[in-house]
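**Student:** What follows is a single structure, and I will ask about it in a moment.
The values are calculated or read from the model by the stated rules, or taken from the named source; none is laboratory data. Values in this document were obtained by computation on a predicted structure and should not be read as measured data. No Cβ is skipped: glycine too gets one built from the backbone with ideal geometry, and neighbour counts run over all protein chains shown. With ligands, DNA and RNA removed, areas are computed over all heavy atoms of the protein, side chains included. Shrake-Rupley method; radii C 1.70, N 1.55, O 1.52, S 1.80 Å.
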Amino acid sequence: MFLAVAQAVGSSRPTLRVIVDSSTEMPWAQLQADQVMAGLHLDLGLALAEQLGREAQFLVLPRKRIAAALTQGQGDIVCALRPQWFAGPFDWSQPLLPEAELILSAARAKRPRTLTDLSGLTIGTVNGFVYPELDQALGSGFVREDAPNAGANLRKLNQGRMDYAVSNQRYAEFQRRQGVLSLALHPDFVLSRHAGSCALSRRSEVKLEQLNQAITALEKSGALSRMAAAYR
């Protein structure tokens, strides 16, 4: 466990401890030696901390350890999630940024028109992530192939080792612009549209009303829109 601190020397302000999944990639986070160097999680954490009159700390943890850390009060918030993905005794903020989950399908394979078209087919997923829409629609026909992160799934797609993978839309578009996702694909199949929220630890000194007020202030100032636009 590594705590990366974005704190001015000599500052007496309290902290906002922001948890970041260690499998996260750009545009959400650039991680180096378990430090958050860039990305939306960094920008958002710093902005929320400033609104709350706190200093931001970033705690990088494996996905499977995040819920316990938040429950035990080792961190204050983890953002860009949905309650359906992240079960636990947490309080949930108002939505932050609009997002979508996609099924990427290689043009060499059959194009899925409905979720049931994917039944029995291997789908690239990320270890520790849950996919409620696929679980509900496919049941035992949901055949997962877990990778450590989304980038590993893109490499498998590019190399012809996989035909289908779940991806966050913002991530997929960023990787396309970077030239990482270069193979021919069918039009994206939208699995769900949503706006992620922040899960707040019930042991945090930050109260849900305060967190929502900070988010509202960032929305009204246009800061959230500028953060998202910076990675387009």
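**Student:** Compute the helix-to-body angle for 40-51: its Cα long axis versus the longest principal axis of the chain, expressed 0 to 90° and rounded to tens.
**Tutor:** 20
**Student:** Just to check I understand the Karplus step: with θ = phi - 60° and J = 6.51 cos²θ - 1.76 cosθ + 1.60, what whole-Hz values come out for segment 179-191, glycine and proline as x?
**Tutor:** Couplings: x, 6, 9, 10, 7, 6, 10, 5, x, 4, 9, 7, 7 Hz.
**Student:** Can you give the % of DSSP beta bridges in the chain that are antiparallel, to the nearest 5? Walk me through the intermediate numbers first.
**Tutor:** Values: 25 of 39 bridges.
Among the beta bridges of the chain, antiparallel pairing accounts for roughly 65 percent.
**Student:** Just how many % of Cα pairs in segment 147-223 lie over 17 Å apart, if you round to the nearest whole percent? Working shown, then result.
**Tutor:** Details: 1776 of 2926 pairs.
Tail fraction, whole percent: 61.
**Student:** When ligands, DNA and RNA are left out and all protein chains stay put, how many square angstrom of accessible area per residue does segment 124-213 have with a 1.4 Å probe?
**Tutor:** Working: 4360 Å² over 90 residues.
Roughly 48 Å² per residue, with all protein chains present.
**Student:** Set Lys and Arg Cβ to +1 and Asp and Glu Cβ to -1, take the dipole of the chain about its Cα centre, and tell me which of L48, V20, G151 lies farthest positive.
**Tutor:** G151
**Student:** Right, another one. Output the peptides 73-80, 23-30, 221-228, 97-104 sorted from most to least packed, where packing is the average of other Cβ atoms within 10 Å over each peptide's residues. Could you put the intermediate results ahead of the total?
**Tutor:** Numbers: 73-80: 22.6, 23-30: 20.9, 221-228: 15.1, 97-104: 18.6.
Most protected by this proxy first, the peptides run 73-80, 23-30, 97-104, 221-228.
**Student:** Can I ask one more? Using per-residue counts of other Cβ atoms within 10 Å, averaged over each peptide, order 107-117, 170-180 from highest down. Before the final figure, lay out each step's value.
**Tutor:** On the way: 107-117: 12.7, 170-180: 16.2.
Put in order of decreasing packing, that is 170-180, 107-117.
**Student:** What are the extents of the Cα atoms of the chain along their three principal axes, listed from largest to smallest and rounded to whole Å?
**Tutor:** Ordered largest first, the chain gives principal extents of 58, 35, 34 Å.
**Student:** If you don't mind, there's one more thing I want to ask. What is the calculated FRET efficiency for R13 to Q94, with r their C-beta to C-beta distance and R₀ = 30 Å, to the nearest 0.05? Provide the component values of the computation, followed by the final result.
**Tutor:** Working: r = 24 Å, r/R0 = 0.80.
Computed FRET efficiency for R13 and Q94: 0.80.
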